[in-house]
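Report on the structure given below.
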């Protein structure tokens, strides 16, 4: 079993195949950007992109990404050059505690790849299942709108 | 390195036994120590070497972005470039600092830090590069950091912001160590105030699960009275399968006597048995009929941080190192040393960025679990609570029940009576055992429940009093403590009193305000929201606008206006909010705004959704679906205006939560003619 992780092929260790993909990424591959928040796919803190679609790593069996392409927040920047969504997040001072933001950013990246010029309704629809307790939602909206101008 | 010698850390003597009568010995729990910071201590937070400075953050970083604001203070007072100062989060190797609570980080820590930096600046400019620096405190007016201009009043990129957008390992659960295992401590699905513990389990079935490492019976102190059973695996996802295979049976020492929580805090039932013991306002309202007489009930609520609390512990050469996302690393250290009989100097706690705390990550739970499992196995162990554990084993905003009354004559409130029944906040049952709580109940009351109960108005003959009852679910500090629910009750009553008086609610409030700073934010909120403007009707919707104002901890002020639309089925949408905020001199306006925005969204939750369901004396919620928090589509356009002020900086993390819930509730009243009295509001109560 193998998958493409941020552009590079990796084997899925057999004893990790039944683990949630989130833990394979965090504990085996040391990609700790995606977070554990609820374990049942409700909060979105573990959002990654699988074959172009935003997905919840906490409810995907690791073995089930065999042959698929997985992108995590660690794969967004090109060296020191930030992805426009990352830059917009900094420009708008979005993060408070920051814990949900990797998931928010990955959902936003997936949205802009599908809908390059989203309306605020598009944003609300795409982002509504990514929870943030600090209340950064207004800034997430604003950051996505300004990133859309850069993408 | 230029650094004052560390003060001796207070420690030792924490484990003492005292008599509690009848030959029963009760162990005194470890109680958090809360020393205020001073400038001498602050010298320990700033270090200089070869032209670079390191700020060891004396506060926990949990999204208030205090790392940024205090770095602004440091750079300004030292007169150095932004990039020459590195910020690191503290460990318990430094002298004790108080817990990061109460919106105090700028209010209490900015000046000592600035004094220390001013002293260091002078020493460096005099050519001193070694030895001790002495701080001679200077008048605040002489400190550069307390004058607007330059970095003060600007909003640089937030510290750790780049790490957040890169997904860097900043949080406790991100720590990875060689040989690390994954643990969980299972506890009974019952009240944490009832003695419970593991009775029988199937070790063979657990052993058969791939990835199983151990079952650990010595798994640390109970949470409340819930003794656990530890399990360890070499992969985190395996823990669920092991827990299931164990088929644990629990011993449960009966039902908690106050399992019916709503009944236990029913203020009217309590008032029928006599006066409430803890008096906040001691006026004597006249007997007779009241113009306003309402009962408001606010339920239990979870903090709901997206990060379930986590810790990693590691034992090396007899020294225990713990990585924790905690509001009080020193308390965690002291608690663990006490619980496991370790010398305090052998325990070090590294504070990590916290993934949301809101008052809820002040106690020692998951950290002691990780320590116990590490001590049992010798391996480093990571423990992160499940979402269900967060609900079941954390403490929560207590439910509160309010009876609030007002009498109005000639446009003024002449008599006022606010009675509240709640559960403990400061003297939380999560830390304070019941025998000790009986003492605090008798002599001290609970300042957390009292917070905000003294209305910020001149109210004639005004009485406010409360009582507390220990509940089967732990309660404690939650953003704003009692001030949020108290202000919701007060602002609801003020609106009703204004209606009785036939006076506009803004003008009515102004007539009762003595504090010019509070009056100023109220007037300004009216201006920016065009108060008095009547929105154009929308077919099928009832529209309303509400206003509220308030003061948090005596010194920071806010006012809010909210617009709502209520449909025929009674569903409420907040369509716009405005907030004016005065927290004195603002160090970082963008992040103060962020705190206001967060509070406004918490206010939406307080009125429309916050509720933590319980059943049979324990929390019934398992996931966010059972205890929903606001989502993006709930959030309307928000306008925040900060008052420019040269008052010393005050707290900003909890102020707006005392005003926006009242504004929203009053808007619902204006839209529907119905006074929300039971929170969260229910659509069926507002349907046409």
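The values are calculated or read from the model by the stated rules, or taken from the named source; none is laboratory data. Everything numeric in this text was worked out from a predicted model, so none of it was measured. A quick note on method: Cβ atoms are made from the backbone with ideal geometry, for glycine too, and the neighbour counts reach across all protein chains shown.
Overview of values
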| quantity | calculated |
| --- | --- |
| Where residue B:649 falls short, out of the listed (1) over 30 Å from residue B:254 (Cβ atoms); (2) without any contact (Cβ under 8 Å) to a residue 60 or more places away in the chain | (2) |
| Strands (runs of 3 or more DSSP E) completely within region B:533-604 that count 2 or more residues being buried (at least 24 other Cβ atoms within 10 Å of the Cβ) and within 14 Å of another protein chain (Cβ to nearest Cβ) | B:572-582 |
| Residue check for residue B:274: without any contact (Cβ under 8 Å) to a residue 24 or more places away in the chain, surrounded by fewer than 20 Cβ atoms within 10 Å (Cβ to Cβ), more than 28 Å from the chain's Cα centre (by Cα) and under 30 Å from residue B:460 (Cα atoms) | yes |
| Residue B:411 being farther than 30 Å from residue B:457 by Cα and either out of contact with any strand residue (DSSP E or B) (no Cβ under 6 Å at 6 or more places or on another chain) or in the same structural domain as residue B:87 (by TED's automatic domain parsing) (or both) | no |
| Any hit, region B:315-325, residues being touching a residue at least 60 places away in the same chain (Cβ under 8 Å), in a loop (DSSP other than H, G, I, E, B) and within 16 Å of residue B:173 (Cα to Cα) | yes |
| Count of residues meeting criterion [surrounded by fewer than 24 Cβ atoms within 10 Å (Cβ to Cβ), in a loop (DSSP other than H, G, I, E, B) and either touching a strand residue (DSSP E or B) at 6+ places or on another chain (Cβ under 8 Å) or without any contact (Cβ under 8 Å) to a residue 60 or more places away in the chain (or both)] in region B:458-475 | 3 |
| Enumeration of residues in region A:92-112 that are closer than 15 Å to residue A:146 by Cβ and either surrounded by fewer than 24 Cβ atoms within 10 Å (Cβ to Cβ) or out of contact with any strand residue (DSSP E or B) (no Cβ under 8 Å at 6 or more places or on another chain) (or both) | A:92, A:93, A:94, A:105, A:108, A:109, A:111, A:112 |
| Residue among B:494, B:442, B:436 that alone is in contact with a helix residue (DSSP H, G or I) (Cβ under 8 Å, 6 or more places away or on another chain) and either part of a helix (DSSP H, G or I) or in contact (Cβ under 8 Å) with a residue 12 or more places away in the chain (or both) | B:494 |
| Single condition residue B:109 does not satisfy, out of (1) within 24 Å of the chain's Cα centre (by Cα); (2) modelled with pLDDT of 95 or more; (3) part of a loop (DSSP other than H, G, I, E, B); (4) more than 14 Å from chain A (Cβ to nearest Cβ) | (3) |
| Matching residues, region B:606-627, being facing chain A (nearest Cβ under 9 Å) and either without any contact (Cβ under 8 Å) to a residue 40 or more places away in the chain or out of contact with any helix residue (DSSP H, G or I) (no Cβ under 6 Å at 6 or more places or on another chain) (or both) | B:624, B:625 |
| Pick from region B:340-357, criterion touching a helix residue (DSSP H, G or I) at 6+ places or on another chain (Cβ under 7 Å) and surrounded by 23 or more Cβ atoms within 10 Å (Cβ to Cβ), ranking: nearest to the other protein chains (Cβ to nearest Cβ) | B:352 |
| Elements of type strands (runs of 3 or more DSSP E) in region B:37-95, at least 2 residues being farther than 15 Å from residue B:329 by Cβ and touching a residue at least 40 places away in the same chain (Cβ under 8 Å) | B:46-49 |
| Those residues of region B:148-169 which are more than 8 Å from chain A (Cβ to nearest Cβ), in a loop (DSSP other than H, G, I, E, B) and on the phi > 0 side of the Ramachandran plot, in sequence order | B:150, B:153 |
| Selection from region B:633-649 of residues that are assigned to a loop (DSSP other than H, G, I, E, B) and either buried (at least 16 other Cβ atoms within 10 Å of the Cβ) or more than 10 Å from every other protein chain (Cβ to nearest Cβ) (or both) | B:635, B:636, B:643, B:644, B:645, B:646, B:647, B:648, B:649 |
| Single condition residue A:77 does not satisfy, out of (1) closer than 22 Å to residue B:172 by Cα; (2) facing chain B (nearest Cβ under 8 Å) | (1) |
| Some residue of region B:189-202 being part of a helix (DSSP H, G or I) and either under 24 Å from residue A:22 (Cβ atoms) or more than 14 Å from chain A (Cβ to nearest Cβ) (or both) | no |
| Yes/no for residue A:133 being under 26 Å from residue B:68 (Cβ atoms) and in contact (Cβ under 8 Å) with a residue 12 or more places away in the chain | yes |
| Among the residues listed as B:311, B:337, B:262, the single one being within 14 Å of another protein chain (Cβ to nearest Cβ), under 28 Å from the mean Cα position of the chain (by Cα) and not in a loop (DSSP other than H, G, I, E, B) | B:311 |
| Enumeration of residues in region A:46-57 that are closer than 13 Å to residue A:106 by Cβ and touching a strand residue (DSSP E or B) at 6+ places or on another chain (Cβ under 9 Å) | A:46, A:47, A:48, A:49, A:50, A:52, A:54, A:55, A:56, A:57 |
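The rows are residues; the columns are (1) at pLDDT 95 or above; (2) more than 22 Å from residue B:307 (Cα to Cα); (3) crowded, with 24+ Cβ neighbours inside 10 Å.
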| site | (1), (2), (3) |
| --- | --- |
| B:47 | no, yes, no |
| B:61 | yes, no, yes |
| B:67 | yes, no, no |
| B:70 | yes, yes, yes |
| B:73 | yes, yes, yes |
| B:80 | yes, yes, no |
| B:83 | yes, yes, no |
| B:86 | yes, yes, no |
